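For reference, the structure is listed below as structure tokens.
The values are calculated or read from the model by the stated rules, or taken from the named source; none is laboratory data. Predicted model only: the values in this text are computed from it and were never measured. A quick note on method: Cβ atoms are made from the backbone with ideal geometry, for glycine too, and the neighbour counts reach across all protein chains shown. Just the protein is used for accessible areas: all its heavy atoms, side chains included, with ligands, DNA and RNA removed. Shrake-Rupley method; radii C 1.70, N 1.55, O 1.52, S 1.80 Å.
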Amino acid sequence: MAETYDVVIIGGGPGGYNCAIRAGQLGLKVACIESRGTLGGTCLNVGCIPSKALLHASELFATAQNDFAGMGIKTGKLELDLDQMMAQKTEAVNGLTKGIEFLFKKNKVDYVKGRGKILGKGKVEVTGEDGKTQTLDTKNIVIATGSEPANLPGIEIDEERVVTNTGALSMTSVPKRLILIGAGVIGLEMGSVWARLGSEVTVVEYLDRIMPGADNEIAKEAQKVLKKQGLNFRLGMKVTGVEKLKSKLKLSMEPASGGETEVLDADAVIVAIGRKPYTEGLGLESVGVTTDKRGVVQVTDGHFKAADGVWAVGDCIHGPMLAHKAEDDGVAVAELIAGKAGHVDYNLVPSVVYTKPEMAWVGKTEEQLKEEGVEYVKGKFPFMANSRARTNHETEGFVKILADKKTDRILGAHMIGVGVGEMIAELCVAMEFGAASEDIARTSHAHPTMSEAVRQAAMAVEGWTMQM
Ligand code: FAD
Ligand code: NAI
């Protein structure tokens, strides 16, 4: 008889693979089932990694085109080699997904290729690509099946002209007219990539603002900056359908509050209106796991327990749909199964949007604090007044720190500027340690660096402003 596993994980994305590796390190007998053919999930295959590879390459292209001359650098005529740009993206993806296979071997994780289905308590069936099935016995099951793109009625995705993130990351030519539905993270990141490579980009958003999860001031500044880069925003518009003609696409939309239909022509449309948990055909009912009406797997808050002997992590449960959150969930569950403490504070999960400039935040927004009736002090510092930003000609944006009015404890930090995706880590650490804004204001920061703006924003909270 086959040996019983301590843990069988369904899904090999950041939630699943980190859970598997940590479980292996803790000496548990573990298997991870993945149906995609490669490990790494959405993030490595069609999400974080390929998008950042294209964001980086397209940013270099745009910088060479727009900024080199002003820096005293002359080039010949720049040309885009899209095939090579896509090839270097694929190389980054392949290297990283193979790296996880290596880590599985190193940590004695059994990688089971195929589709997992829960048959009942402690039993998971795996159907391989050849249709053959096997059943794994296990003490614990971890659901780490992630999420899939949401779609709208009246839109048929073909991943060629009307695409989700998957098609948006693999286009074979630069569409002349590109429409993004949704001014969220994918809309802004993918819109930036294709605008830099030459597309005329229109972003259609249902709400009357972009980036609904972000602090209002950050979203407003981002909209202003991205507009200058050629992103055309149509806010407060509801898309009603996309008609596919041979020569073009016709996108119909009307004001969200009702009114006349408007039609926009496009060569490609990217649908980026959010994602929904993916639990199709998983046999949840066989173990009494429930989902809400959006398909989110219900867990005991903070404990990742979906049913007796069943745990769930990552995009398929509550909390932000982010790779590092999924990773932290996965590690916490492995530790809980091994009898240790495992905990994730979702309030301290940072968000980063990898546009140029980047946006980054952690903790509460001003709007949330107002809604919760929390009294706070705000300190803000613009990169225009930061010497490194000035030498680099990268002066757009600011850092904003929100601290409790009575205790000075940092409640939130919101930034827009070049490199803030790295700078936010300082605030995450500070907030994990329950720091006061004064702690950052009194901490030495190297000069001249962009991160001095963080210190200056903290100093502004204390009223020691150094602004010109
Ligand atoms: P997933 O990564 O979705 O992994 C789940 C895996 O389970 C998949 O590989 C799937 O094939 C497999 N699976 C599902 N059902 C079964 C089954 N029955 N049997 C076997 N296998 C199964 N997050 C960030 O933090 N930073 C970013 O920069 C970022 N960029 C993104 C860019 C894009 C375009 C997208 C779409 C997402 C991005 N994300 C980013 C979000 C990030 O990708 C997800 O939050 C993360 O992948 C969630 O991890 P997960 O393990 O929960 O799920
Ligand atoms: P999103 O939730 O970030 O944004 C979706 C946007 O679409 C919102 O602004 C929403 O108001 C709008 N919308 C919803 N319905 C609409 C409709 N019918 N018509 C027009 N607009 C509509 O979702 P997105 O961009 O699809 O990304 C999915 C998730 O992937 C993100 O929430 C994030 O968790 C993750 N992600 C993270 C990245 C990062 O960390 N840098 C990068 C890309 C994705």
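Treating each Cα of segment 109-187 as an identical point scatterer and ignoring solvent, apply the Debye formula and state log10 I(q)/I(0) at q = 0.14 Å⁻¹.
Result of the Debye calculation: -0.72.
Using only helices, what value at 222 nm comes out for the chain when you add -39,500 (n - 2.57) per DSSP H run of length 4 or more and divide by the total residues, to the nearest 500 deg cm²/dmol?
Result for the chain, helices only: -9500 deg cm²/dmol.
Please report the orientation-averaged projected area of segment 290-334, defined via the convex hull of its C-alpha atoms, in nm².
Answer in nm², one decimal: 3.0.
Toward the positive end of the charge dipole of the chain, about the Cα centre and with charges on Cβ (Lys, Arg +1; Asp, Glu -1), which of THR138, LEU119, PRO448 goes farthest?
Farthest towards the positive end: PRO448.
Note down, for segment 200-240, the three equivalent ellipsoid semi-axes (square root of 5 times each alpha carbon gyration tensor eigenvalue), biggest first, whole angstrom.
Values for segment 200-240, descending: 16, 15, 6 Å.
How large is the charge dipole for segment 346-468, taken about the Cα centre, if only the Cβ atoms of Lys, Arg (+1) and Asp, Glu (-1) carry charge, to the nearest 20 debye?
Numbers: 13 positive and 17 negative charges, 54 e Å.
With Lys and Arg at +1 and Asp and Glu at -1, about 260 debye.
Extending each Cα 7 Å along its Cβ direction at ARG409 and ASN232, get the distance between those two points in nm, one decimal.
That separation, rounded to one decimal, is 4.9 nm.
Report, as a whole number in µm² per second, the diffusion coefficient that Stokes-Einstein gives for segment 31-105 at 25 °C and 0.890 mPa s using the Kirkwood radius over alpha carbon pairs.
D, rounded to a whole number, is 171 µm²/s.
Using the Kirkwood radius over Cα pairs, work out the Stokes-Einstein diffusion coefficient for segment 1-144 at 37 °C and 0.692 mPa s, in µm²/s as a whole number.
It comes out at roughly 189 µm²/s.
Could you check what % of the DSSP bridge pairs in the chain are antiparallel, to the nearest 5? Don't skip to the answer; put the middle values down first.
Values: 52 of 84 bridges.
That works out to approximately 60 percent antiparallel.
Using the Kirkwood radius built from alpha carbon pairs, what does the Stokes-Einstein equation give as D for segment 86-240 at 37 °C and 0.692 mPa s, in µm² per second?
172
Using the heavy atoms of the protein chains alone and a 1.4 angstrom probe, what is the accessible area of the chain per residue in square angstrom?
Heavy-atom SASA per residue in the chain reads 47 Å².
Per the Kirkwood formula on distinct C-alpha pairs, the Rh of the chain is how many angstrom?
23.9
Semi-axes of segment 169-322's equivalent ellipsoid from the Cα gyration tensor, sqrt of 5 times each eigenvalue, largest first, rounded to whole Å?
Semi-axes, largest first: 35, 18, 16 Å.
Write out the chymotrypsin sites (Phe, Trp or Tyr not before Pro) in segment 1-94 meeting two conditions: DSSP loop, and at most 16 other Cβ atoms within 10 Å of their Cβ. Could the numbers behind the result be given before it?
Numbers: sites: TYR5, TYR17, PHE61, PHE68; in loops: PHE68.
Of the chymotrypsin sites (Phe, Trp or Tyr not before Pro), the ones in loops of segment 1-94 whose Cβ has at most 16 other Cβ atoms within 10 Å are PHE68.
Take the solvent-accessible surface of the protein heavy atoms, probe 1.4 Å, and return the percent of it on the chain that carbon and sulfur atoms account for.
Carbon and sulfur together cover 51 percent of it.
What's the longest bit of the chain with no exposed GluC sites (Glu not before Pro), using DSSP loop states and at most 13 other Cβ atoms within 10 Å as the test?
Values: sites that count: GLU3, GLU79, GLU129, GLU156, GLU159, GLU160, GLU260, GLU280, GLU375.
For GluC sites (Glu not before Pro) (loop position, at most 13 other Cβ atoms within 10 Å), the longest site-free span of the chain is 161-259.
Normalized C-alpha radius of gyration of segment 1-51, against 2.2 N^0.38 Å?
1.25
Of all the Cα-Cα pairs you can form in segment 376-468, what percent are over 19 Å apart?
Result for the distance tail: 30 percent.
List the relative contact order of segment 289-404 as a percent without decimals, with contacts defined as Cα pairs under 8 Å and 6+ residues apart. Please report the intermediate quantities before stating the final value.
Numbers: 146 pairs, mean separation 15.5, N = 116.
Answer for segment 289-404 is 13 percent.
Can you give the three extents of the C-alpha atoms in segment 251-392 along their principal axes, from longest to shortest, in whole Å?
Taking the Cα atoms of segment 251-392, the three principal extents are 54, 46, 35 Å.
Would you report the distance distribution of C-alpha pairs in segment 420-459 as whole percents per 5 angstrom bin, up to the bin with the largest distance?
Percent of pairs per bin, in order: 6, 24, 35, 26, 7, 1.
From the C-alpha coordinates alone, can you work out the Kirkwood hydrodynamic radius of segment 151-193, in Å?
11.0
Protein chains only, probe 1.4 Å: how do LEU251, LEU322 rank by accessible area, largest first?
Largest accessible area first, the residues go LEU322, LEU251.
Using a 4.7 Å Cβ cut-off, which Cys residues in the chain lack a partner cysteine?
CYS19, CYS32, CYS316, CYS428, each lacking another Cys Cβ under 4.7 Å.
I'd like the trypsin sites (Lys or Arg not before Pro) in segment 5-91 restricted to DSSP loop residues with at most 10 other Cβ atoms within 10 Å, sorted by number.
For trypsin sites (Lys or Arg not before Pro) across segment 5-91 that sit outside H, G, I, E and B with at most 10 neighbouring Cβ atoms in 10 Å, the list reads LYS74, LYS77.
Which Cα, out of LEU284, ALA307, ALA341, lies furthest along the positive dipole direction of segment 258-366 (beta carbon charges, K/R +1, D/E -1)?
Towards the positive end, the residue furthest out is ALA341.
Give the relative contact order (percent, whole number) for the chain; include only Cα pairs under 8 Å separated by 6+ residues.
14
Tell me the net charge near VAL263. Cut-off is 13 Å between Cβ atoms, VAL263 excluded, with +1 for each Lys or Arg and -1 for each Asp or Glu.
Net charge around VAL263: -1.
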